[in-house]
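Here is the structure we will look at, set down as structure tokens.
The values are calculated or read from the model by the stated rules, or taken from the named source; none is laboratory data. All figures in this text were calculated on a predicted structure; none of them were measured in a lab. Counting neighbours? That spans all protein chains shown, and the Cβs are built from the backbone with ideal geometry, glycine included.
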Amino acid sequence: MNTILGQNLGLFVTDSAIHSGGTTADTCFAFATTCQLSLNVDAIDITSKDSGSWSDSLPNRKSWTISTDCLYSEDYDALMLCAINRTVFKVRWCSAINTESNNTVTHTASHQVGNGAYAFYEGNVFIDSIQASAGNDEAGNYSVSMTGKGQLKVIDKDGNTIEGATNTLPGQEVSNG
């Protein structure tokens, strides 16, 4: 397994609700300097007298967040409107490819997950925090934090959810609803 450098990972918007010009193509957050994806699993305490001097827990509900810091651009205005309007939109976390010839950034499902398939992470989010700053003689920048709404999916390069990356715990039945 190879190391993927930070400049080769990106956060993309996949929803036309916040694209300028009404494009439906996935768009990288413009001039991003950092991005972070976090997954959290709540623990249920099941410590009993049988646990001895050790705590015991079961994994429970999952939640996820995603954030990015960017140099100030016209994206800020669209994101601010999404925050004001409480817009839910889809994002993807994946490998980014910067094509120097036309200065656009595209994405690819180019890293492998547990079953060896190439994948990216995808889900719906809403903006829970957006902040811009502009220091004297510095580039303007903004930070945006988003909370995942529902499942963070592991998607293969053809757009299919990868088996084994379901929203269930071992031993739980999968609901078709």
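Tally the residues that are exposed (fewer than 12 other Cβ atoms within 10 Å of the Cβ) and not aromatic (Phe, Trp, Tyr), restricting the search to segment 52-76.
Result for segment 52-76: 8.
Just give me the residues in segment 44-92 being closer than 25 Å to Glu122 by Cβ and free of Cβ contacts under 8 Å to residues at least 24 places away in the same chain, in sequence order.
Matches in segment 44-92: Asn60, Arg61, Asp77, Ile84, Asn85.
So Lys49 fits all but one of (1) at pLDDT 95 or above; (2) over 21 Å from Val144 (Cα atoms); what number is the exception?
(1)
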